[in-house]
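What follows is one structure encoded as structure tokens, with my remarks underneath.
The values are calculated or read from the model by the stated rules, or taken from the named source; none is laboratory data. Keep in mind that this is a model prediction, so the values were computed, not measured. Ideal geometry is used to build each Cβ from the backbone, glycine not excepted, and the neighbour counts take in all protein chains shown. Ligands, DNA and RNA are stripped out before the accessible areas are found, and what is left, the full protein with its side chains, is counted by its heavy atoms. Shrake-Rupley method; radii C 1.70, N 1.55, O 1.52, S 1.80 Å.
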Amino acid sequence: MIALLEKLVHTFGPSGQEQAVAAFVQTEIAPYVDDIRQDALGNLIALKRGQAGGKKVMLAAHMDEIGVLVSHVDEKGFCRVRPLGGLGTLVLLSSRVRFANGTIGVFGVEREERKRPGSSEEVPPWEKWYLDVGATSKEDAPVQVGDAAAFYPFFHQQGSRLFAQSMDDRSGCAVLLEVAKRLKKPANDVYFVFTVQEEVGTKGAMTATYGVQPDVGIAVDVTIGSDTPKAMQLGLALGQGAAIKVMDRGMIAHYGVRQALVETAETAGIPYQLEVLPWGTTDARSIQLSREGVPAGAVSIPSRYVHSKAEVVDENDMIAAADLLLTFVRQPVTLG
Ligand code: ZN
Ligand code: CO
């Protein structure tokens, strides 16, 4: 799973340009599933058929990562950009981003906006930042308006902790691939859905849900570990197991789905924690609100520094998430 994760985080895929990730996932998952298709929005949908009378269970992880989009190139070749997804400017100074054509850009900020070191003054807004792509004029700039970039990829393992720029949500994609590889003769039809455009409003999951028409949907995504200095106390810690979502800012998980996941973890002895998150949401929100409504929940991987150039997760939580989902989908699903 870790070797695959490393390849996934090195693959370019800001929201709206997930094609390279989809191609990689398709190659990896093909030997383990019965059918693969891509819908009009770009979601990759792989099906592992189950027994007669089983339910349709949809697992969703998003392929897109946080990025930026060029909105203007000035006469000297400096680019102005807009965020693709929920990206704050705190992490920008000297950050490197990479474009689809391999171009590297480095963020600078207008001189008057630079503050004294250690100053608590506000972080400059997007309008004050520019991207230096090594150009000297608009004509020789290697990128143009409309081009997207994502943080320069890196991957590092230190003990059980894993560092990369796009753990959100390539760690979820790696978990889905792991489940697909280990799943034999499931009771249910299991749909592995790798979604597009989650970071810009959980959009891919909505069209995928209409296409799949699942009985149950589970998003696999990162959540926020609260075990860092002076963090808001949420009881979510890295290394303490898969997080079963109770609620986030965008949804309340279906009670039956949440309880079925808890019972699965308890019975199988898989480490888990309960997630109550005051921020964010996942593809589970779109799954839940599609068609006439779909029972939906989420299995989350606690993470630090989400939506930055260096996100951290724990390998053991990914293993727990894969174990939990594998156990859940291969047995008959009954929702209380
Ligand atoms: Zn995510
Ligand atoms: Co995200």
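So is Ala148 out of contact with any Ser or Thr (no Cβ under 7 Å at 6 or more places or on another chain) and surrounded by fewer than 23 Cβ atoms within 10 Å (Cβ to Cβ) or not?
Yes: the conditions hold for Ala148.
Could you list, in sequence order, the residues of the range 24-37 that are free of Cβ contacts under 8 Å to residues at least 40 places away in the same chain and touching a strand residue (DSSP E or B) at 6+ places or on another chain (Cβ under 9 Å)?
Of everything in the range 24-37, those that are free of Cβ contacts under 8 Å to residues at least 40 places away in the same chain and touching a strand residue (DSSP E or B) at 6+ places or on another chain (Cβ under 9 Å) turn out to be Gln26, Ala30, Asp34, Asp35, Ile36, Arg37.
Can you name the residue in the range 74-108 that is in a strand (DSSP E or B) and buried (at least 22 other Cβ atoms within 10 Å of the Cβ) and, of all such residues, is farthest from ligand 1 (Cβ to nearest atom)?
Restricting to residues being in a strand (DSSP E or B) and buried (at least 22 other Cβ atoms within 10 Å of the Cβ), the top hit is Cys79.
Of all residues in the range 231-249, count the ones that are touching a strand residue (DSSP E or B) at 6+ places or on another chain (Cβ under 7 Å) and either touching a residue at least 40 places away in the same chain (Cβ under 8 Å) or part of a loop (DSSP other than H, G, I, E, B) (or both).
12
Can you pull out every residue in the range 250-265 that is surrounded by fewer than 20 Cβ atoms within 10 Å (Cβ to Cβ) and touching a residue at least 40 places away in the same chain (Cβ under 8 Å)?
Gly250, Tyr255, Gly256, Gln259
Condition test on Leu335, is it closer than 18 Å to Glu198 by Cα, surrounded by fewer than 24 Cβ atoms within 10 Å (Cβ to Cβ), in contact (Cβ under 8 Å) with a residue 60 or more places away in the chain and away from ligand 2 (no atom under 16 Å from the Cβ)?
Against the criterion (closer than 18 Å to Glu198 by Cα, surrounded by fewer than 24 Cβ atoms within 10 Å (Cβ to Cβ), in contact (Cβ under 8 Å) with a residue 60 or more places away in the chain and away from ligand 2 (no atom under 16 Å from the Cβ)), Leu335 does not qualify.
Suppose we filter the range 278-312 for residues that are within 12 Å of ligand 2 (Cβ to nearest atom), of a type outside the set (Gly, Ala, Ser) and either closer than 20 Å to Leu176 by Cα or open to solvent by less than 50 Å² (accessible area, probe 1.4 Å) (or both); how many remain?
Total satisfying the criteria: 7.
Given the residues Ile29, Ile66, Ile36, which is the only one that is over 15 Å from Tyr130 (Cα atoms) and within 16 Å of ligand 1 (Cβ to nearest atom)?
Ile66
Looking at the range 186-204 only, could you name the residues that are in contact (Cβ under 8 Å) with a residue 12 or more places away in the chain and within 16 Å of ligand 2 (Cβ to nearest atom)?
Hits for the range 186-204 are Phe194, Thr195, Val196, Gln197, Glu198, Glu199, Val200, Thr202, Lys203, Gly204.
From the list Ala46, Ala61, pick out the single residue that is within 17 Å of Val179 (Cα to Cα), in contact with a Cys (Cβ under 6 Å, 6 or more places away or on another chain) and open to solvent by less than 50 Å² (accessible area, probe 1.4 Å).
Ala61
Here are Ala268, Ala284: which of them is assigned by TED's automatic domain parsing to the domain that holds Ile301, more than 25 Å from Val196 (Cβ to Cβ) and either small (Gly, Ala, Ser) or touching a residue at least 12 places away in the same chain (Cβ under 8 Å) (or both)?
None of the others qualify; the one that does is Ala268.
Condition first: within 16 Å of ligand 1 (Cβ to nearest atom), under 30 Å from Ile29 (Cβ atoms) and surrounded by fewer than 16 Cβ atoms within 10 Å (Cβ to Cβ). Can you find one or more residues in the range 153-171 that meet it?
Looking through the range 153-171, none of the residues is within 16 Å of ligand 1 (Cβ to nearest atom), under 30 Å from Ile29 (Cβ atoms) and surrounded by fewer than 16 Cβ atoms within 10 Å (Cβ to Cβ).
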